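To keep things clear, I will list the structure first and then write my remarks on it.
The values are calculated or read from the model by the stated rules, or taken from the named source; none is laboratory data. This structure is a prediction, so every number in the text was calculated from the model and none was measured. Using ideal geometry, Cβ is built from the backbone for each residue, glycine included, and neighbour counts are taken over all protein chains shown.
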Amino acid sequence: MRADYLVKRSLILIFILILSISTASAFDRYDEKIYKGDGYQINNYFIEVFSIKSYEDNRLLTINMYQLKSDGTYEELVVTSEIISNKKYTKYQDKDGIVEIIVKETNCTSAYGTVDITTLGINVEYHHPVKGGLLNAKFIGEPSLLLTKEVDKTNVEIGDTIRVTIKAKNVGTGPAKRITIDHGITPGFTFKSAIYTTYPEEMAAGNTDYTQMYIYEMEAAQGGTVTLTPATATYYCSTYDSEYSSNSNRPVVTVAQEAVETSVLELTVTPHKTELQRGNKVTFTVSLRNIKDIPATTVRLDMLYPYSMTYESGCEDIKIIDNKPVIQKSIYEARYENEYDYTFVANEVGIYNITAKVSYNDGTNNIINETTSDTIYVIEGKYDYLKEYPLYVYIIPIIIIVAIAGWIFWRSNQFKM
Amino acid sequence: MNILIIGAGQCGNRILDSINNKAFGGGRFSKYYTKQKFPSRVETIAVNTAINDLKEMQYTKAKDRLHIPHLHGVGANRIVGKQCFIDNKDLIMRTIKERGNFDVAFVITSSSGGTGSSFSPPLIEELKNTYDFPVYGVVILPFREEGTIYLQNSAFCLKEMHNSGVDGIILGDNQFLKYAGTDIQSAYDGINSMVAERMLFLLEALDSEMMMVTDLGDFKTVMSGGAGIATIGFAKGDGINSIKSIIQQSLSPNGLLFSSNIYEEGSRAMIILRGDRKYLNIDEISGQIDKLSSHIGHVFKGVIIRNGETPKVLSVITLETTVELDTLYTLAVEAIQMEKEKHDRMALEKETGAAFSKIDGLEPQY
C-alpha cells in the first residue's frame, strides 16, 4: 500500500514538473541587435531601445519596457538598471516576482545595441523584433478559430459516400496553438476513411483565407434528413494560459430511404412504314415491357394521334372507349412483354407522329410514360390529283353517265318481261 | 294510217321482234337511242302461251307482249291451243281494243306450231267479226322434215285461216328459205329478217307519197285476187345492175318467200320500187310490168323516190293455184294418216295389256 502511494506521489510530482516547464519555461534571446527607436516584443511585453548615449568613451544604452494592453494602450513598466563591467543590465520584475525580464547589453554603437534577453515566468508564445518601436507593437490577444464543415453532396441514398471537408481560419487576435480537430462523427453515418489529416497545429491570427484542416469520407447508413454533428477545434493560447474550442457549422444532408422495388413499364412505338399515300393504312406496333420484378397494376395504354388520322383496326386487346382505341390491363406481370398493333388510315397529307401513352401504378405511385413514334410522311394519294379540278368537271360527266345509265335502265325495263 | 301487227306463237313473235328491230334501225343497241321509224302508226302485239318465247324478244316492248297463261305453251296441240284461245279470247280482244282503231291488221304466225297455229285462225275470225278493217295472215310454213304433227298442223291451220274470213294469206316457207343461213339458228334468223324486211317495205308502200301511187286499196285489190294466197318477192340492187334485173330477181324463186311460178300461178300483183331516181329507169320498169301483166293480168305499180339510195323492189303476188301448197297438203294427209295409224296401234296395245299383263297376279319376292 505504501509502495503504491509512493509511486502515485512520484508520478504527480513528475507531471507537475513537466507542466511547470511547459507553462512557464525560460526564454533566452542572445545577441539581438536592436537599433535605436526599435524594439523587441515578447508576448505582450515590449522592450524598446529608447536611446544610446555616450559616457566616458562608452555608450550608455537606455532600455524601456512596456506592458501592451488589449485596448491599444500600454503601461510603461518600472525597470531597474545597473552597470556591471561597463555593460548595462535592465531588469523588470513584477510585484509578485514571478515574471522577470532582464536585458543585458553586450555591445553598443551609436546606432544600435546588441543585447541578451532572458525571461522568467513567461510562456513565450510570441516574440519578434519590431521596427519603429512601441508604436508598431501589437497586442497579442486571444485566438478564435472559425471552423467550417462542408459536404460534397446533400442528397444521397443509403450506401452513398459523402466527402466532408473541414476548414478553419483564425479570426482572433492571437495565435492558436496546439490545434486539434474532432471531425464529429454523426449517428447514421459510418466513418470510412480520412483523406487529409495534416492540418497545422498553430494558426496565426489575421489570415483571411481558410485553411484546409481535415477531409474524410463517411457512408450514409440510415435514411432521413440529418443535421451533421459539428466539427470541433480545440486550441490554446499560452499567453493567457487558456484552452479554447470552436464548433463548425452543421450541414444538413438528406438521405433517401432505401429504394422500394417498383415496376417500370418501357414503351416503344414503331410505324411499319414511314411514308404512305393519303388514304392508305399504316400500322404502328407498340411494345410494352415490364422490366422489373414487380407487376404493374391498373395499366392503360392510349394512343395520341392527330385528327387527320383515323383508327382503323387493331389487335383484340384494344377496346374502343370514347371513340379512341384503348388497352386496359388490371395487372401487367413482372418481366412481361407484349406487342400491340394499331392500324390507322391517313386522311390528310402531312407529317405526323403518334404518341403512345401508358399510365400505371408501379406499386407505389401512379406513373405516366409517353413515347413518340418516328415521323411518318403522308403524301398525296394516287388519285388526289383529281382534287385539282373543280367539282363540276366530275359532276357533269357523272350526271351525264347517270342519265345515260338511267335511260338505258328505264329503256331496258321497257323491253324486259 | 293505223296498222296492227300481231305476232302469234314463237315464230310470229320472232318475226314481230325482227320488224321492231328493223324499225329501230337494225342495230343491236339502237333501241336505246332511236325511235322506231314506222311510216305509219304501227301497233305491235306479241301473243304467246310460252312465256320464255316472249322473254326472248329484245326489241318489242314488254307492254306489247301478251302472255296467255297456259303452262309453258300448248305443245303443238292445236286442240288445246284453240281451247286456250277461247278461254282467253276476251283478254286478247280487250288488249287489241285498247290499242285504238286500225286501218289494216296483219297476223304473223307459223302454221305448224302450237299457239300461233291454233290461235291465228280464231283470232282472225274474231277480228273480222269485231272490226271492219282488212286482216291479213302472214303464215310461215314449216320445214317438211320437221315431223308429221307440224305438217298436219299446217294443213289444218291454213284451212281454218282460209275459212276464218281472212282477207288474204301471205305465205312464207321455211322449206324454201332453208338456205338463208348456214345453221338452223342463222337460217331461222335469216328467214325472220327477210320476212321483217319485206313487211316493213310493204307498210311503207301502203302509206307513202310515191311518184306512182299504190295504197291500201290497191293492196286489198291485189290480195283479193286468186285463191286468197299470196307471197312476197324482194330484191335490191347495188347500183350497178339494172332495175330490170332487180325486178326479175324479186319475181324469181330466189326473191320470193314461197316457191311458185309467178308467171303461171299468179293472179294479181303489186310492184313497188324504191331508190334514187337515177336507178329507176321508167322504160325498164314499164317493160317488166308489162311483161308480168301479160301473164297474170293486172299489176299495180308504185315508185318511191329516195335520193342516194340503191334500188329495191318489193312484189306482192296473189296466186290462183300453187303446186307447192298441193304438195304440202299431200304430205299432210300422209302425216295425218301416219299419226292415225300410230294412235290405233297404241290403243290396241293398251287394250291387250301388252307386257304389263304378264305379271298379273304375281307379287314381288324379296
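How about the stretch B:212-257: which of its residues are at pLDDT below 85, of a type in the set (Val, Ile, Thr) and outside any loop (DSSP other than H, G, I, E, B)? Across the stretch B:212-257, there are no qualifying residues.
Annotation: of all residues in the stretch B:166-186 being at pLDDT 75 or above and under 16 Å from B:Asn254 (Cα atoms), the one that is farthest from the chain's Cα centre (by Cα) is B:Gln175.
Just the residues that are polar (S, T, N, Q), surrounded by fewer than 20 Cβ atoms within 10 Å (Cβ to Cβ) and away from every other protein chain (no Cβ under 11 Å), please, taken from the stretch B:35-79.
Across the stretch B:35-79, the qualifying residues are B:Gln36, B:Ser40, B:Asn77.
The single condition among (1) in contact with a Leu (Cβ under 7 Å, 6 or more places away or on another chain); (2) of a type in the set (D, E, K, R); (3) more than 27 Å from B:Ile108 (Cα to Cα) that B:Lys244 does not satisfy is (1).
Take A:Ser81 and decide whether it is in a loop (DSSP other than H, G, I, E, B) and of a type in the set (Ser, Thr, Tyr). Against the criterion (in a loop (DSSP other than H, G, I, E, B) and of a type in the set (Ser, Thr, Tyr)), A:Ser81 does not qualify. Would it be correct to say that B:Asn52 is over 19 Å from the mean Cα position of the chain (by Cα) and assigned by TED's automatic domain parsing to the domain that holds B:Gln185? Answer is yes for this residue.
Is it true that some residue in the stretch A:334-345 is within 24 Å of A:Glu380 (Cβ to Cβ) and of a type in the set (Ser, Thr, Tyr)? Don't jump to the end; show me each part of the working.
Narrowing the stretch A:334-345 to residues within 24 Å of A:Glu380 (Cβ to Cβ): A:342-345.
From what is left, the residues that are of a type in the set (Ser, Thr, Tyr) are A:342-343.
Yes.
When each of A:Glu337, A:Glu333 is tested for being out of contact with any strand residue (DSSP E or B) (no Cβ under 6 Å at 6 or more places or on another chain), away from chain B (no Cβ under 14 Å) and either in contact (Cβ under 8 Å) with a residue 12 or more places away in the chain or of a type in the set (Lys, Arg) (or both), the lone residue that passes is A:Glu333. Annotation note: of A:Glu380, A:Glu333, A:Glu348, the sole residue that is touching a Ser or Thr at 6+ places or on another chain (Cβ under 7 Å) and farther than 19 Å from A:Val269 by Cβ is A:Glu348. If you take the residues in the stretch B:86-100 that are of a type outside the set (D, E, K, R) and within 22 Å of B:Asp17 (Cα to Cα), which one is nearest to the other protein chains (Cβ to nearest Cβ)? Only one residue fits best here, namely B:Thr95. Does A:Val393 meet the test of being out of contact with any Cys (no Cβ under 7 Å at 6 or more places or on another chain), touching a residue at least 24 places away in the same chain (Cβ under 8 Å) and either more than 21 Å from A:Gln277 (Cα to Cα) or assigned by TED's automatic domain parsing to the domain that holds A:Gln277 (or both)? So A:Val393 fails the test. Looking across A:Lys104, A:Lys95, A:Lys149, A:Lys138, one residue alone is exposed (fewer than 15 other Cβ atoms within 10 Å of the Cβ) and at negative phi. It is A:Lys95. Take the conditions in the same structural domain as A:Phe191 (by TED's automatic domain parsing) and within 13 Å of the chain's Cα centre (by Cα) and apply them to A:Asp160. Does it pass? When the stated conditions are applied, A:Asp160 does not pass them.
Residue-wise test of (1) crowded, with 21+ Cβ neighbours inside 10 Å; (2) under 22 Å from B:Arg41 (Cβ atoms); (3) under 15 Å from the mean Cα position of the chain (by Cα); (4) in contact (Cβ under 8 Å) with a residue 24 or more places away in the chain.
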| residue | (1), (2), (3), (4) |
| --- | --- |
| B:Thr115 | yes, no, yes, yes |
| B:Val135 | yes, yes, yes, yes |
| B:Leu158 | yes, no, yes, yes |
| B:Ser164 | yes, no, no, yes |
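Whether a residue is without any contact (Cβ under 8 Å) to a residue 12 or more places away in the chain, more than 30 Å from A:Ser246 (Cβ to Cβ), of a type outside the set (Ser, Thr, Tyr) and surrounded by fewer than 18 Cβ atoms within 10 Å (Cβ to Cβ) was assessed, and A:Lys87 does not pass this test. Among the residues examined, A:Lys357 does not qualify as exposed (fewer than 14 other Cβ atoms within 10 Å of the Cβ), in the same structural domain as A:His272 (by TED's automatic domain parsing) and basic (Lys, Arg). I need a count of the residues in the stretch B:137-153 that are under 16 Å from the mean Cα position of the chain (by Cα) and part of a loop (DSSP other than H, G, I, E, B). Residues that pass the stated criteria total 2. Where strands (runs of 3 or more DSSP E) fall entirely within the stretch A:336-417, those with at least 2 residues that are under 30 Å from A:Asp293 (Cβ atoms) are at A:337-346, A:355-361, A:366-372. When you scan the stretch B:12-19, do you find a residue that is within 22 Å of B:Leu257 (Cβ to Cβ), of a type in the set (Asp, Glu) and within 13 Å of another protein chain (Cβ to nearest Cβ), even just one? The answer is yes; a qualifying residue exists. A:Ile376 meets all of the listed conditions (1) of a type in the set (A, V, I, L, M); (2) in contact with an Asp or Glu (Cβ under 8 Å, 6 or more places away or on another chain); (3) within 14 Å of chain B (Cβ to nearest Cβ) but one, namely (3). Right, A:Val260: closer than 30 Å to A:Glu337 by Cα, hydrophobic (A, V, I, L, M, F, W, C) and outside any strand (DSSP E or B) or not? Spelling it out, A:Val260 is indeed closer than 30 Å to A:Glu337 by Cα, hydrophobic (A, V, I, L, M, F, W, C) and outside any strand (DSSP E or B). Residues in the stretch B:275-290 that are at pLDDT below 90 and assigned to a strand (DSSP E or B): none.
Scanning for something over 18 Å from B:Leu200 (Cβ atoms) and touching a Gly at 6+ places or on another chain (Cβ under 8 Å), does the stretch B:33-47 turn up at least one residue?
Checked the stretch B:33-47: at least one residue is over 18 Å from B:Leu200 (Cβ atoms) and touching a Gly at 6+ places or on another chain (Cβ under 8 Å).
Quick check, is B:Leu127 without any contact (Cβ under 8 Å) to a residue 60 or more places away in the chain, within 14 Å of chain A (Cβ to nearest Cβ), assigned to a helix (DSSP H, G or I) and on the phi < 0 side of the Ramachandran plot? Here the answer is no, as B:Leu127 does not meet what is asked.
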